[in-house]
Protein chains: 2
Amino acid sequence: MGCLLIIFDGLGDRPVPFFSNKTPLEAAHTPNLDFLASKGVCGLMDSIGVGVRPASDTAHLSIFGFDPKKYYFGRGVLECIGLGMDVRNGDACFRVNFGTINSKKIIIDRRAGRIDETGKLVDSLNKIKLSTGIKVIVGKGVQHRAGVLFRGKGILARVSDADPHEENKPMLSCKPLDGFVEARLLADSVNEFVSKANAVLANHPLNKKRRAQKLLPANCILLRGAGSLGEIPSFRQKWGLSASCVAGGKLYKGVAKLVGMKVIDVPTATGKAETDFKAKVDAAVKALKSSDFVFLHFKGTDLMGEDGNAVGKKDYLEKADRHLGVLHQLSKEHLIVVTGDHSTPCELKAHSGDPVPIVFSGRGCRRDHVTHFNERDCSTGALCRITGLQVMNEVLNVLGRAPLYGD
Amino acid sequence: MGCLLIIFDGLGDRPVPFFSNKTPLEAAHTPNLDFLASKGVCGLMDSIGVGVRPASDTAHLSIFGFDPKKYYFGRGVLECIGLGMDVRNGDACFRVNFGTINSKKIIIDRRAGRIDETGKLVDSLNKIKLSTGIKVIVGKGVQHRAGVLFRGKGILARVSDADPHEENKPMLSCKPLDGFVEARLLADSVNEFVSKANAVLANHPLNKKRRAQKLLPANCILLRGAGSLGEIPSFRQKWGLSASCVAGGKLYKGVAKLVGMKVIDVPTATGKAETDFKAKVDAAVKALKSSDFVFLHFKGTDLMGEDGNAVGKKDYLEKADRHLGVLHQLSKEHLIVVTGDHSTPCELKAHSGDPVPIVFSGRGCRRDHVTHFNERDCSTGALCRITGLQVMNEVLNVLGRAPLYGD
């Protein structure tokens with residue numbers, strides 16, 4: 001008996017007037033998710049806490065049972081690991097965007113027109129040497145995204161972002177955070193790297209080609225989310241379960257790798273709204289044959305929420321649900337948990353601190369009155385309102401693998 | 001106005017197919033418990049935390065408002081106190097089984113055929129003197145159970161169990177736990193005692209008689225759960241309430257004595273499934289005349305759960321309920337709280353981390369929509385989901401005795 005945990009990113013939402021004030025999930029026809037609800041226990045889940053607005057990284061760590069207060073090493077670490085970079089203890093990792101600056105060095109696009117062909121740019125940047133003696137390595141991400149890590153003696157990842165996080169602003173100089181004078185060497189290395197990288201990018205043949213095609217050039221590099229890997233137990237050490245991950249997005253693979261999950265390669269999983277649902281579900285079902293715990297991630301709900309596309313979010317949920325018929329059979333032998341990492345209300349086009357619905361269904365589960373999987377119905381369920389850090393305790397409990405507290 | 005707290009041990013359960021996926025409590029006809037539910041507020045309670053699988057000792061401590069992280073001194077202490085032994089600060093206490101070993105010193109029965117006549121064995125063991133100068137005292141328990149305490153200068157109860165907890169294994173040598181070299185004297189004393197005790201038992205007349213009767217001899221003694229009494233306030237000091245306990249099982253009497261409750265002797269209370277419900281309820285009702293708080297414990301639900309006997313668990317609950325008619329009258333003047341210490345699902349035959357239903361009913365209580373006392377209905381109640389450590393706060397609140405927080 002194992003556990004399949006399905007996370008719909010940004011699942012929760014707020015009332016949508018077009019749906020008579022139902023949320024996209026309340027409006028969606030999702031008979032397979034409803035089947036799970038009717039055979040299990042439902043509730044609401046705050047991945048961090050009531051009213052706290054989680055990012056996807058901290059939310060996933062928390063749901064996997066790793067308190068982000070202790071084990072969140074910064075987004076840069078997770079991105080670099082997710083990109084498959086060889087992150088070592090002591091490396092300073094950054095999350096990176098390729099962006100576009102004008103002649104006055106003002107950022108006019110933080111995503112360089114969502115450029116999708118950065119391989120040659122990354123190769124060029126990897127040739128840069130720094131006068132500080134610190135080694136710098138760049139890893140290619142999806143679209144405009146990349147990772148950068150700095151390696152060498154005496155660096156400390158306590159520095160500010162070189163990214164102003166807004167357009168129509170100049171790039172920022174990277175600085176040691178207040179009280180961390182030892183971070184000066186890293187800040188200097190970052191600033192030297194950004195300066196040399198922007199010079200390389202300005203004259204790169206690819207950007208010349210893009211300008212000729214009236215496309216925005218990727219002529220600047222924006223570093224943010226500095227962090228260094230810290231001590232962290234593996235998922236298996238912490239919960240006694242072997243674990244696998246099926247996801248498209250690099251971040252989710254990064255969190256999974258960080259805690260030692262086996263990341264299963266599904267070439268047609270995109271991490272976008274258009275993805276290969278069937279291949280992902282098939283891979284997760286197969287993984288459950290050799291892993292105690294399988295994490296299956298769907299990104300589209302979050303992307304639709306960030307676009308404010310309520311109809312798209314509803315359609316995505318219905319499309320995903322049509323591929324979940326296998327859960328009827330699977331839940332006879334296994335525990336199935338479905339939830340989100342946070343809410344991304346279409347009205348806000350951003351994450352919110354509203355809780356997400358959660359269902360525990362299948363072998364070993366209690367049952368409650370709830371028959372539909374959505375925000376409103378799950379709020380009346382027998383799980384009541386739990387936190388992300390409680391999810392794995394409940395998983396172990398249902399699996400009959402919880403240690404006895406006392407004697 | 002006082003409070004009667006009724007705890008059904010191992011009350012909660014999981015869906016039972018034979019009961020159309022109801023739990024034993026959901027399937028049971030319990031009009032008196034339902035009366036309480038319909039006149040009070042219901043909810044679910046995790047005695048330790050969501051998904052945490054509690055033992056009975058830590059669960060009861062928590063429900064009485066004593067955080068087991070701070071006040072759990074090991075099962076040995078509670079057992080010895082429960083047996084009426086004179087446990088003093090510094091004594092090292094163990095929980096003990098009489099067992100059966102074969103000629104190769106392999107344990108073939110950890111309960112010596114559930115022997116029920118150990119008085120003379122205990123008397124013989126109490127004559128043993130140790131070369132370490134440490135005094136050893138044995139206390140008789142129910143059936144194969146006993147308690148042993150070691151008293152003397154320089155002992156520290158940080159030692160491993162001499163009991164392998166499994167049959168077809170050899171007995172273990174007692175050792176200091178990692179990092180506790182000061183526990184060597186106790187470990188040596190335990191090993192010397194076990195060796196001498198087994199020698200005494202091997203040739204004991206009672207065992208010769210048992211062998212002649214083709215019964216398993218009680219020819220070994222298994223020590224586990226080492227612990228020493230620590231500082232702990234009394235129930236009255238902590239909550240300002242005088243308290244009494246009506247229970248059959250030694251452990252429950254032990255927890256009650258530990259926190260200074262008056263343990264009321266009900267000679268016909270057995271701590272087994274067959275018990276004198278009427279005498280226990282009568283004793284509790286009477287105790288409520290002179291105590292602010294009365295704890296009434298029923299063990300049968302847990303025993304039925306551990307036997308996987310769902311029909312037996314349902315029948316036991318119905319039988320108990322028939323003796324609770326007095327609560328209609330009693331709840332006019334007093335607060336009645338009914339709950340479990342943990343779940344013991346028949347499917348698992350073991351404790352689980354599933355929450356238990358809880359009702360606060362009677363004078364001073366709010367009311368909610370719930371009209372039946374069981375897992376599913378209580379999950380929709382106004383108490384929502386609380387923890388064991390919150391129970392006494394709510395008791396004080398309903399009694400109008402909660403201190404003002406602030407000024």
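The values are calculated or read from the model by the stated rules, or taken from the named source; none is laboratory data. Treat the numbers as computed from the prediction; the structure is a model and nothing was measured. When we count neighbours, we look across all protein chains shown, and the Cβ atoms used for this are built from the backbone with ideal geometry, even at glycine. Ligands, DNA and RNA are stripped out before the accessible areas are found, and what is left, the full protein with its side chains, is counted by its heavy atoms. Shrake-Rupley method; radii C 1.70, N 1.55, O 1.52, S 1.80 Å.
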Calculated from backbone phi, Karplus (6.51, -1.76, 1.60) coupling profile of the stretch B:284-295 in Hz, x at Gly/Pro: 5, 4, 5, 4, 5, 6, 10, 10, 6, 9, 10, 9
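Rank these by accessible area, largest first, 1.4 Å probe: A:261, B:304.
Putting A:261, B:304 in descending order of accessible area: B:304, A:261.
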Ranking by accessible area, most exposed first, for A:379, B:131 with a 1.4 Å probe: B:131, A:379
Teacher prompt: residue B:400 distances to equivalent labels in other copies, 7 Å Cα→Cβ, nm: 5.0
Rotational relation A to B, axis-closest Cβ in chain A, residue and distance rounded to whole Å: A:384, 3
Amide H contacts of residue B:99 (H built 1.01 Å from N, under 5 Å, at least 5 apart or other chain): B:219, B:220, B:221, B:222
For residue A:154, inter-copy label distances in nm, listed shortest first [label point 7 Å out on the Cα-Cβ vector]: 5.6
The stretch B:40-108: equivalent-ellipsoid semi-axes (sqrt of 5 x gyration tensor eigenvalues, Cα, Å): 32, 19, 11
Rounded to the nearest 10 Å², the accessible area of residue A:238 at probe 1.4 Å: 80 Å²
Residue with peak Gaussian network fluctuation, chain B [Cα springs, cutoff 10 Å], from B:99, B:133, B:260: B:133
Solution diffusion estimate, µm²/s, Stokes-Einstein, the protein assembly as shown, Kirkwood Rh from C-alpha pairs, 37 °C, viscosity 0.692 mPa s: 110 µm²/s
Stokes-Einstein D for the stretch A:348-407, Kirkwood Rh over Cα pairs, 4 °C, 1.567 mPa s (µm²/s): 97 µm²/s
FRET efficiency, residue A:349 to residue A:106 (Cβ-Cβ, R0 30 Å, nearest 0.05): 0.80
Centre separation in Å (Cα based) which lies between the stretch A:83-143 and the stretch A:300-366: 33 Å
Positions from the stretch B:44-74 whose accessible area shrinks by 50 Å² or more when the full protein complex is built, not the chain alone, probe 1.4 Å: B:50, B:51, B:53
Solvent exposure of the protein assembly as shown as accessible area per residue, Å², 1.4 Å probe: 40 Å²
Gain in span if fully extended, residue B:184 to residue B:276, counting 0.36 nm per residue against the direct Cα distance: 28.6 nm
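May I ask you to compute the full-extension gain from residue A:199 to residue A:212, defined as 0.36 nm times their residue separation minus their alpha-carbon distance, rounded to one decimal in nm?
Answer, rounded to one decimal: 2.8 nm.
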Residue A:405 accessible area, assembled protein chains, probe 1.4 Å, Å²: 70 Å²
Shape of the stretch A:247-295, Cα gyration tensor, a/c cut at 1.5: oblate
Vicinal HN-Hα couplings computed from phi for the stretch B:316-321 (Karplus, 6.51 cos²θ - 1.76 cosθ + 1.60; Hz; Gly/Pro x): 4, 4, 5, 5, 4, 4
Loop-located trypsin sites (Lys or Arg not before Pro) in the stretch B:38-145, at most 13 other Cβ atoms within 10 Å (DSSP): B:88, B:104, B:105, B:127, B:129
Reduction of at least 40 Å² in accessible surface, 1.4 Å probe, comparing all protein chains with the chain by itself, residues of the stretch B:12-33: B:14, B:15
The stretch A:144-289: C-alpha gyration tensor shape, a/c 1.5 cut-off, then a/b vs b/c: oblate
Alpha-carbon Debye profile of the stretch B:272-402, log10 I(q)/I(0) at 0.11, 0.13, 0.20, 0.21 Å⁻¹: -0.42, -0.60, -1.40, -1.49
Position residue B:182, label points 7 Å along Cα→Cβ, spacing to each other copy in nm (shortest first, one decimal): 3.4
Residue A:379 paired with residue A:89, simple spin-label distance in nm, labels 7 Å along Cα-to-beta-carbon: 4.7 nm
Span from the the stretch A:156-212 Cα centroid across to the the stretch A:220-292 one, whole angstrom: 29 Å
Relative contact order computed over chain B (Cα-Cα under 8 Å; 6+ residues apart), in percent: 33 percent
Pairwise label distance in nanometres, residue B:151 with residue B:332, each label 7 Å out on the Cα-Cβ vector: 5.1 nm
Accessible surface buried upon A-B contact (total; probe 1.4 Å; Å², nearest 100): 2400 Å²
Probe 1.4 Å - accessible area at residue B:239, Å² to nearest ten: 40 Å²
Order of exposure, largest accessible area first, which applies to B:407, A:86 with probe 1.4 Å: B:407, A:86
Protein accessible area in the protein assembly as shown, 1.4 Å probe - carbon and sulfur %: 50 percent
Antiparallel bridges, percent of DSSP beta bridges restricted to the protein assembly as shown (to nearest 5): 60 percent
